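*Asks:* Got a structure here, written out as structure tokens. Questions coming.
The values are calculated or read from the model by the stated rules, or taken from the named source; none is laboratory data. Please read these numbers as outputs of a predicted model, since none were measured by experiment. Using ideal geometry, Cβ is built from the backbone for each residue, glycine included, and neighbour counts are taken over all protein chains shown. Each accessible area value is taken on the protein alone, full model and side chains, heavy atoms only, with ligands, DNA and RNA left out. Shrake-Rupley method; radii C 1.70, N 1.55, O 1.52, S 1.80 Å.
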Amino acid sequence: MSQIDLLSPGRIGRLETANRLVMAPMTRSRAHEGGVPSELAIEYYVQRASAGLILTEGTAPSAGGLGYARTPAIETPEQVAAWKKVTAAVHAKGGAMFCQFMHVGRIAHPANRYTDEALVAPSAIRADGQMWTDAQGLQPMPAPRALETSDVASVIEEYAQATRNALEAGFDGVELHSASGYLPMQFLSSNSNQRTDGYGGSVTNRIRFVMEALDAMVEAAGGADKVGMKISPAMPFNDIHDADPVETYTTLVRAVAPLGLAYLHVLRTALPNTFDLLRPLYPGTFFAGGGFTQASGDQAIRSGLADFIVYGKLFTSNPDLPRRFAKGAELVVPNPATFYTPGPEGYTSYATAA
Ligand SMILES: Cc1cc2nc3c(=O)[nH]c(=O)nc-3n(C[C@H](O)[C@H](O)[C@H](O)COP(=O)(O)O)c2cc1C
């Protein structure tokens with residue numbers, strides 16, 4: 001057992017962090033039309049700047065990667081300019097921030113997008129499910145177009161360009177969202193990837209998209225220490241299923257380990273003992289998330305199971321979570337009713353502890 005706990009300083013790539021709490025990437029659906037972060041986002045993130053690291057809400061690397069209502073992108077000059085205001089304000093408060101790239105693939109509805117392009121995915125298999133649209137309420141998600149082999153390079157280039165945009169916007173780094181059933185996980189998983197080219201079939205082929213996206217992001221960032229990745233092995237969300245998640249994720253983590261990324265971010269999922277399985281395969285900085293309390297987070301760090309703990313819902317209603325932990329202050333219970341509703345209520349309306 002080490003003496004290090006949640007409130008000990010840490011290091012992520014070249015960043016020195018004040019503590020080992022990471023704010024989870026959380027879609028909050030307060031962006032303007034056209035994928036532009038709103039002014040409210042500045043206040044929201046500034047209120048949470050005492051996290052060791054903030055991960056942004058899922059942010060589309062390109063118009064074709066955006067799927068949900070009122071979610072942001074980091075593609076156009078207007079979007080980049082809006083993000084610049086967020087990072088500048090967070091840095092002024094001493095915070096640090098990575099931008100999470102969320103390309104949704106087939107998890108989208110055209111009514112939420114600012115492009116007429118068809119949804120894209122590894123295979124032309126519709127996700128079984130509905131999505132909220134402001135104009136038409138809940139709607140079934142349409143079938144995606146299967147990416148041609150030659151299209152895949154363009155999508156990878158979108159991640160590279162988004163990385164350049166994020167650095168220009170002042171982010172300290174970028175995270176590839178390879179979890180929760182979105183595009184990278186659609187490539188990893190056997191039910192959504194039925195390709196017969198070099199991106200489908202064997203596990204080596206199914207991890208290829210993620211490896212190429214990471215390589216492109218690392219090159220664009222000028223170093224692996226500004227790039228992280230999130231995975232959620234065997235997460236049963238967004239109609240995603242893999243026949244052998246243990247094989248898929250042990251192979252992926254072994255392949256990613258030598259890259260020397262800023263961190264690997266693993267969400268606790270249905271796979272039994274996800275952290276016990278993957279932590280020994282990953283010698284670098286390891287983030288663990290999913291249902292942690294202060295006590296279980298401290299325990300995970302002390303035992304060496306994780307280097308940082310990612311907190312999601314608790315950060316929605318406790319903007320100064322590190323301080324509350326330090327003081328043993330009471331925590332405000334998160335309110336799911338305002339997770340995705342427009343406006344300040346339930347977003348910037350939570351007070352910091354006295
Ligand atoms: C409102 C909300 C939005 C979320 N949006 C995202 C997202 O955009 N990207 C992502 O990787 N995870 C997203 N998640 C999952 C969180 O990052 C985190 O993995 C999850 O909430 C588990 O951590 P917790 O138990 O501490 O909340 C979201 C979770 C919540 C509650």
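*Asks:* When the convex hull of the C-alpha atoms of the range 243-300 is computed, what volume per residue in Å³ does it have?
*Replies:* Convex hull of Cα atoms, per residue: 82 Å³.
*Asks:* So what's the back-of-envelope 222 nm ellipticity for the chain, counting only DSSP H runs of four-plus at -39500 (n - 2.57) apiece and dividing by all residues, rounded to 500?
*Replies:* It lands at -9000 deg cm²/dmol.
*Asks:* Measure out, as a whole number of angstrom, how far apart the alpha-carbon centroids of the range 302-334 and the range 167-215 sit.
*Replies:* Answer, in whole Å: 30.
*Asks:* May I pose another question? Heavy atoms only, probe 1.4 Å: what % of the accessible area of the chain goes to carbon and sulfur, would you let me know?
*Replies:* Looking at the chain in its full context, I get 54 percent from C and S.
*Asks:* Could you state the number of Å between the C-alpha centres of the range 225-243 and the range 92-116?
*Replies:* 16
*Asks:* List, in the order given, every pair from K84/K327; K93/K327; K85/K230 whose Cα-Cα distance in the structure shown is over 23 Å.
*Replies:* Over 23 Å apart, Cα to Cα: K84/K327; K85/K230.
*Asks:* Also: Quick one: dipole size for the chain, taken about the Cα centre, charges +1 on Lys/Arg Cβ and -1 on Asp/Glu Cβ, in debye to the nearest 20.
*Replies:* Here the size comes out at about 820 debye.
*Asks:* Additional query: For the chain, what relative contact order do you get, as a whole percent, if you take Cα pairs closer than 8 Å and at least 6 residues apart?
*Replies:* After rounding, I find 18 percent.
*Asks:* Give the average over all directions of the projected area of the C-alpha convex hull of the chain, one decimal, in nm².
*Replies:* Numbers: hull surface 63.4 nm².
For the chain, averaging the hull's shadow over all directions gives 15.9 nm².
*Asks:* Considering the convex hull of the alpha carbon atoms of the range 253-354, report its projected area averaged over all viewing directions, in nm², one decimal. Write out the running numbers ahead of the final one.
*Replies:* Values: hull surface 32.3 nm².
Seen from a random direction, the Cα hull of the range 253-354 projects 8.1 nm² on average.
*Asks:* Please report the accessible area of W132 (heavy atoms, 1.4 Å probe, ligands and nucleic acids excluded) in Å², nearest 10.
*Replies:* 130
*Asks:* Kirkwood hydrodynamic radius (Cα pairs, Å) of the range 1-136?
*Replies:* 16.2
*Asks:* What is the magnitude of the charge dipole of the range 1-157 about its Cα centre, with +1 placed on the Cβ of each Lys and Arg, -1 on the Cβ of each Asp and Glu, and no other charges, expressed in debye to the nearest 20?
*Replies:* Magnitude of the dipole: close to 500 debye.
*Asks:* Next question. Restricting to the chain, what percent of DSSP beta bridges are antiparallel, rounded to 5?
*Replies:* Given both bridge residues lie in the chain, the antiparallel proportion sits at roughly 20 percent.
*Asks:* A further question follows. Can you tell me the dipole magnitude for the range 245-341 around its Cα centre, using point charges on the Cβ only (Lys, Arg +1; Asp, Glu -1), in Debye to the nearest 20?
*Replies:* On the way: 8 positive and 6 negative charges, 25 e Å.
For this selection, approximately 120 debye.
*Asks:* Rounded, prolate or oblate: which one fits the range 147-297, using the alpha carbon gyration tensor with axes a ≥ b ≥ c (rounded when a/c is under 1.5, else prolate when a/b beats b/c, else oblate)?
*Replies:* In terms of gyration-tensor shape, oblate.
*Asks:* Would you tally the net charge around G65, using a Cβ to Cβ cut-off of less than 9 Å, leaving G65 out, and scoring K and R as +1, D and E as -1? Spell out each step's value before the answer.
*Replies:* Values: positive: none; negative: E75, E158.
So the environment of G65 carries a net charge of -2.
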